[in-house]
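Notes for the one structure printed next.
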Amino acid sequence: MFVDEKNINMKEYIKKVPLTFLLMFIIVTLPTILFAGSSSGAQKEISWFLLVTSLFGGLGMFLYGMEMMSDGMKMTAGNQMRSILEKLTSNRFFAVGVGAFVTMVIQSSSATTVMLVSFVNSGLLSFAQGLGVILGSNIGSTVTAQIVAFKVTDYALALIAAGALMSLFSKKDSTRNIGFVILGFGLLFYGMKVMSDTMKPLRSNPTFNTILTSFENPFMGILAGAIFTALIQSSSATTGIVITLASGGSITLEAGIPLILGANIGTCVTALLAGLNASREAKRVAIAHVTFNLIGVALFCFWIPTFAEMVAQTSDNVPRQIANAHTIFNILATVVFIPFTTHIASMIIRFFPDQEKTRNIEKPAVLNLDEKVLEHPPVAISNAQAEIRGVVGLTERVLGSLVSPFVSDELQADIEDPDQDFDKGMQVRLDKIEFLNQAILSYLVKISKQDLDDAQSREVFSLVSVVNYLNLIKNAVSLRFSILLGKKDSLDSGFTEIGQNELIEYHNKMLKQIKRLGQFFEKYDRKKIEKIMKKGEKYKNLEEKYRIEHIKRISVEESESKPRTQLQLELMDLLKEISIFIDLIASNLLELETI
């Protein structure tokens with residue numbers, strides 16, 4: 001069922017090349033080239049077929065290399081980056097640093113934002129914590145531009161050779177993933193070289209130069225950068241292409257700055273798409289991302305000439321100046337916004353307030369299983385864990401009401417809806433647990449079909465086991481609870497006071513176990529799992545002690561009727577079975593945490 005990461009299909013990378021950007025580039029560039037071909041005799045000597053194919057081939061290698069590099073980074077460090085984000089504190093400055101670091105490592109601010117929206121949606125992070133991460137991700141995304149600005153095209157083929165050898169022939173997963181990163185870098189730089197060499201004949205083309213010069217108009221440049229980035233969903237790729245144009249002498253610093261400002265706006269599309277079907281808090285994260293980037297660009301767009309003069313002092317070559325402009329802009333914007341994150345958060349909450357919802361236990365609803373993030377396994381796995389947490393909460397409510405009908409003669413009502421019958425409420429929750437378990441298992445199977453490393457495969461397998469054990473708890477209650485209730489109704493009298501106390505005490509112990517399990521899924525606290533394992537052994541001994549004492553009482557007390565005795569033993573046996581399943585869940589999660 002699980003995909004071996006060693007059998008990575010390279011065709012999957014090809015499918016990820018953003019063809020929409022290529023099509024747009026054809027629409028914009030091809031008419032220009034054709035028009036330019038008839039404008040002068042000198043231009044007719046150029047082979048337009050070779051020019052166009054070389055340009056698009058170089059662009060394809062550039063984008064494909066960037067995608068491969070990013071995927072290699074995510075496979076190498078995805079789980080660690082997820083862990084860092086999950087354990088984020090509420091300190092806004094620390095959040096900025098974490099956002100920058102995570103984005104720098106996985107080479108994708110879009111992936112960081114999608115991850116962030118998912119974590120807020122699942123309750124792992126609050127909206128306020130997410131604001132600092134957004135600002136940090138903008139800074140982290142500038143690292144790619146700084147790398148691209150280095151003149152390493154002469155070594156591109158060497159990087160391709162080294163990366164290909166590592167990724168194709170290494171038996172170690174980590175080495176192969178690093179090989180993909182190096183291979184991606186090599187393709188990226190070689191694609192830059194091909195595009196730069198191809199564009200050299202166009203420098204003397206007046207029409208082509210007019211189009212590029214028009215980007216010096218701030219609004220035209222920002223609009224073009226935003227559209228390009230929205231289509232390819234990667235501000236790093238847009239910035240890299242701008243740097244490539246600058247390295248070939250086709251674009252000036254004054255034209256490059258508006259394009260990279262627009263890229264900061266276009267990259268918000270990814271977060272907006274991720275937040276469409278998400279929770280209210282996750283939508284706020286997406287809106288905050290748009291707000292920060294829009295306001296930041298608005299603050300800079302009116303003094304681009306001054307900003308260009310300042311940036312021009314940082315380096316002698318235009319590509320490095322553009323990379324520096326990208327970095328300086330995002331750092332300055334973060335410095336400006338950090339003191340006002342609380343006010344911005346309050347403003348966004350005011351426009352997007354919490355919606356009061358009445359609980360409807362009869363209608364099962366999946367909250368976290370977003371299939372749009374399946375290509376990001378760490379995020380998808382966290383979504384599955386968040387949904388499992390909801391099932392654990394439902395299971396806790398089911399188990400919490402197991403004993404009350406047996407120790408009280410009062411007419412029982414639903415624990416959440418007093419107007420609903422107890423039996424109906426119990427059955428509705430059991431049905432909902434079954435529905436959610438099936439949905440989670442289906443989602444985990446889809447995750448397993450992605451490119452997973454060994455740790456992620458083991459994690460998915462552990463979560464499948466957890467869901468199966470939760471389903472076994474549900475089955476145990478479904479099969480035996482109603483039968484036990486029927487036996488209780490046929491009794492002439494209830495349990496003895498001692499028998500009731502033993503039953504209630506053991507039930508409370510079991511409830512503490514399921515509560516600890518729920519607390520683990522809230523904060524992923526390893527100590528909770530270790531405590532479940534430790535207490536599990538103690539509670540097994542307690543159940544045996546109660547069983548022996550009960551049997552002793554039967555032998556000396558004639559008042560203890562056989563049907564009542566049998567019912568109490570069967571009920572204790574059900575609680576013990578549930579407790580064992582909880583121990584097995586903890587055992588799987590303990591193994592998961594040690595990865």
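Since every read-out is calculated from the coordinates, none of them should be taken as a lab result. Note that this is a predicted model, so its numbers are computed, not measured. Heads up, the Cβs are rebuilt from the backbone with ideal geometry, glycines too, and the neighbour counts pull from every protein chain shown.
What the Cβ-Cβ distance of residue 310 and residue 227 gives, at R0 = 25 Å and to the nearest 0.05, is a FRET efficiency of 0.40.
Residue-wise HN-Hα couplings along region 180-196, as the Karplus relation 6.51 cos²θ - 1.76 cosθ + 1.60 with θ = phi - 60° gives them from phi, are 4, 4, 5, 4, x, 4, x, 5, 4, 6, 5, x, 4, 5, 4, 5, 5 Hz; Gly and Pro carry x.
Gain on full extension, evaluated as 0.36 nm per residue between residue 53 and residue 375 minus their Cα-Cα distance, stands at 112.9 nm. Remark: spin-label model distance residue 172-residue 331 equals 3.5 nm, labels positioned 7 Å along the Cα→Cβ axis. As a proxy for reagent exposure, ranking 251, 504 by other Cβ atoms within 10 Å from fewest up yields 504, 251. Across the options 426, 392, 481, the greatest Cα extent toward the positive end of the charge dipole of region 371-593 (unit charges at beta carbon of Lys, Arg, Asp, Glu) belongs to 392.
With the convex hull of its Cα atoms as the shape, region 371-593 has an orientation-averaged projected area of 12.9 nm². Checking a compactness column here: for region 472-581, what do you get for Rg(Cα) / (2.2 N^0.38 Å), N being the number of residues? Dividing the Cα Rg of region 472-581 by 2.2 N^0.38 Å gives 1.19. Length gained on full extension, residue 302 to residue 577: 92.1 nm, using 0.36 nm per residue less the C-alpha separation.
Length gained on full extension, residue 346 to residue 366, computed as 0.36 nm times the residue gap minus the Cα-Cα distance: 4.3 nm. Arranged from fewest to most other beta-carbon atoms within 10 Å of their beta carbon, 389, 553 become 553, 389. Residue-wise HN-Hα couplings along region 51-58, as the Karplus relation 6.51 cos²θ - 1.76 cosθ + 1.60 with θ = phi - 60° gives them from phi, are 5, 5, 5, 5, 5, 6, x, x Hz; Gly and Pro carry x. Using the Cβ-Cβ distance between residue 280 and residue 197 with R0 set to 45 Å, the FRET efficiency works out to roughly 0.30. Computed from point charges on the beta carbon alone (+1 for Lys and Arg, -1 for Asp and Glu), the dipole magnitude for region 371-593 about its Cα centre is near 620 Debye. Using a simple spin-label model with pseudo-atoms 7 Å out from Cα toward Cβ, residue 482 and residue 407 lie 2.6 nm apart.
Using the beta-carbon distance between residue 421 and residue 544 and R0 = 30 Å, what value does 1/(1 + (r/R0)^6) give for FRET efficiency, to the nearest 0.05?
Taking R0 as 30 Å, the efficiency between residue 421 and residue 544 is 0.25.
In terms of other Cβ atoms within 10 Å, 463, 188, 584 run from fewest to most in the order 584, 463, 188.
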